[in-house]
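For reference, the structure is listed below as structure tokens.
The values are calculated or read from the model by the stated rules, or taken from the named source; none is laboratory data. Being a predicted model, the structure only gives us computed values, none of them experimental. Cβ placement follows ideal geometry from the backbone for every residue including glycine, while neighbour counts extend to all protein chains displayed. Calculation scope for accessible area: heavy atoms of the full protein, side chains included, ligands and nucleic acids excluded. Shrake-Rupley method; radii C 1.70, N 1.55, O 1.52, S 1.80 Å.
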Amino acid sequence: MADFATPTPLTGPIAPRHRAELGALLRLAMPLVGANLLQMAVYAIDVVFVARLTTVELAASTLGVFLYGLMLWALLGLTTACAPIIAAELGARRHAVREVRRSFRMAMWLAALAALPAILLLAHGETILRFSGQNADVARRAGAFLDILLFALIPAIFAGVMRTAAAALGRPGWALGVTAMALGFGALGNWLLVFGHGGFPALGLEGSAIASVVTTVAMMLAYTAILLLDPKLRRYHLLGRWWRPEWSRLREIVKLGVPIASTFVLEGALFGGAAILMGLIGVNEVAAHAIALNIAALTFQIPLGVAQAATIRVGMAFGARDRDAVGRAGRVALGVGIGIMGLTALLIFSVPRLFVGAYLDVAAPANAVVVALALQYLVVAAVFQLVDGAQAVAAGVLRGVQDTRVPMLIAAFGYWVAGFGTAIFLGFRVGWQGVGIWIGLAVGLLVVSALLLWRWHARERLGLVRWPTA
């Protein structure tokens, strides 16, 4: 290979300085952040249309998307392990085309194989929801919704693997373009199928599910065309020899990916568990929690994109066996992620009513209780913006050196022992209710971020940056 498929090479006689590393990181991260934000809009489009149906349909959609999203998030975590492996292969340069192709191919195999049990689970969505005590009508409609939406799972994971590979190979901008296309497809599909515009039948909730499937398939096909036609990506022949197994590489991806998937599920379940705790207090608390959490989730897409880029930058330095570049890439990524979240924290703390006003009429007397609660929760959300950004990027840089198992254990302890335990204690034993639950979330994020940052700074002593001798 003559050069790296990345904005700034990490090997050679002179490693890039911090300014050059910052530029390389931002060129990777900015399109990924934009794509993450647009993906939030894609999800919101479905809610906008379904919310105009009945309350039962909206509840069914919410529960169905929760189950589907949990499966998808776990499977994306499993397959995203190909990112640090591909980055390391690019950093090493030796036989990079062949090695990158092997990693990509096995990630796609893993996506298909792991999706099968998840699809089987989603096919029994109504049973699962009835077992959890949900309303029978809501469970029935959610089951019908999932019977269609489950067809989007494999295309969605394939699209995720292709997006990861394109970004690692220096083409992160395609993620932004494809997600923008998906936003348009989703809006058009819902408009045509939910209410029956343009001569199409009015299919209601099922129409929204069909629109999601069509949108996801369109994303997969768009990424396929990009891998085949983009001059820089085409030379890797990523779709070549797709039938050929590489069992050792598959095991390597699984070894890295299972802890990542588990970490994603642990974090997602923490916030889902917090919603259940809110439901034990009251309806207003649930509504305020949903608003505050949506705002926090929106700002979280920024450090998430930085973390995705950081995994690639640190992974390339790791593959090149350049200790200085590993440290520099990690420092820059952490500085960017924490710095940006400091700004978002200041913004949320300064004008919380502006954010809540995007969801509710803050002047309406009927909304007074929900608005007051949401403002209280946002004060806590402003505080945990910093630690949320820190834990996301710290996890990303550790993935770059292919360290995923211990971070998973840290997440289990921090989120569920420290975080959920504090939420229960402050929310119910102390009597702080919703604010206590949100403080529990902040404590969980604080513990995880502190331990992950310590692990990163102790990487040399812990032997995380160590290579076998030739």
Yes/no for VAL370 being closer than 20 Å to ILE439 by Cβ, open to solvent by 30 Å² or more (accessible area, probe 1.4 Å) and in contact (Cβ under 8 Å) with a residue 24 or more places away in the chain
no
Single residue of ALA139, ALA107, ALA115 found to be buried (at least 22 other Cβ atoms within 10 Å of the Cβ) and either acidic (Asp, Glu) or more than 28 Å from LEU304 (Cβ to Cβ) (or both):
ALA139
Any residue in the stretch 321-336 that is touching a residue at least 12 places away in the same chain (Cβ under 8 Å) and more than 22 Å from ALA87 (Cβ to Cβ)?
no
Qualifying positions in the stretch 71-104 - surrounded by fewer than 20 Cβ atoms within 10 Å (Cβ to Cβ) and among the aromatic types (Phe, Trp, Tyr)
TRP73
Considering only the stretch 300-354, how many residues are within 27 Å of GLY463 (Cβ to Cβ) and either open to solvent by 40 Å² or more (accessible area, probe 1.4 Å) or of a type in the set (Lys, Arg) (or both)?
9
Only one residue in TYR377, TYR415 is within 28 Å of ALA287 (Cβ to Cβ), of a type in the set (Ser, Thr, Tyr), at pLDDT below 95 and open to solvent by less than 10 Å² (accessible area, probe 1.4 Å). Which one?
TYR377
For the stretch 174-227, name all the residues that are among the β-branched types (Val, Ile, Thr) and assigned to a helix (DSSP H, G or I).
VAL178, THR179, ILE210, VAL213, VAL214, THR215, THR216, VAL217, THR224, ILE226
Residues located in the stretch 39-57, provided they are part of a helix (DSSP H, G or I) and over 17 Å from GLY186 (Cβ atoms)
THR55, VAL56, GLU57
Determine whether GLY143 is under 23 Å from the mean Cα position of the chain (by Cα), in a helix (DSSP H, G or I) and not hydrophobic (A, V, I, L, M, F, W, C).
no
So LEU250 ticks every box in (1) open to solvent by 70 Å² or more (accessible area, probe 1.4 Å); (2) closer than 30 Å to VAL406 by Cβ; (3) touching a residue at least 12 places away in the same chain (Cβ under 8 Å) but one. Which box is left unticked?
(1)
Picked from the stretch 380-412 (must be among the polar types (S, T, N, Q) and closer than 17 Å to LEU270 by Cα), the residue surrounded by the most Cβ atoms within 10 Å (Cβ to Cβ) is GLN391
Could you list, in sequence order, all residues of the stretch 40-62 that are open to solvent by less than 40 Å² (accessible area, probe 1.4 Å) and either within 19 Å of the chain's Cα centre (by Cα) or aliphatic (A, V, I, L, M) (or both)?
ALA41, VAL42, ILE45, ASP46, VAL50, ALA59, ALA60
If I ask for residues that are part of a helix (DSSP H, G or I), without any contact (Cβ under 8 Å) to a residue 12 or more places away in the chain and out of contact with any Gly (no Cβ under 6 Å at 6 or more places or on another chain), which ones from the stretch 281-311 would you list?
VAL283
Among the residues of the stretch 70-105, what is the count of those that are free of Cβ contacts under 8 Å to residues at least 24 places away in the same chain and touching a Gly at 6+ places or on another chain (Cβ under 8 Å)?
0
Among the residues of the stretch 150-164 satisfying the criterion of being closer than 13 Å to LEU238 by Cα and open to solvent by less than 10 Å² (accessible area, probe 1.4 Å), which is farthest from the chain's Cα centre (by Cα)?
MET162
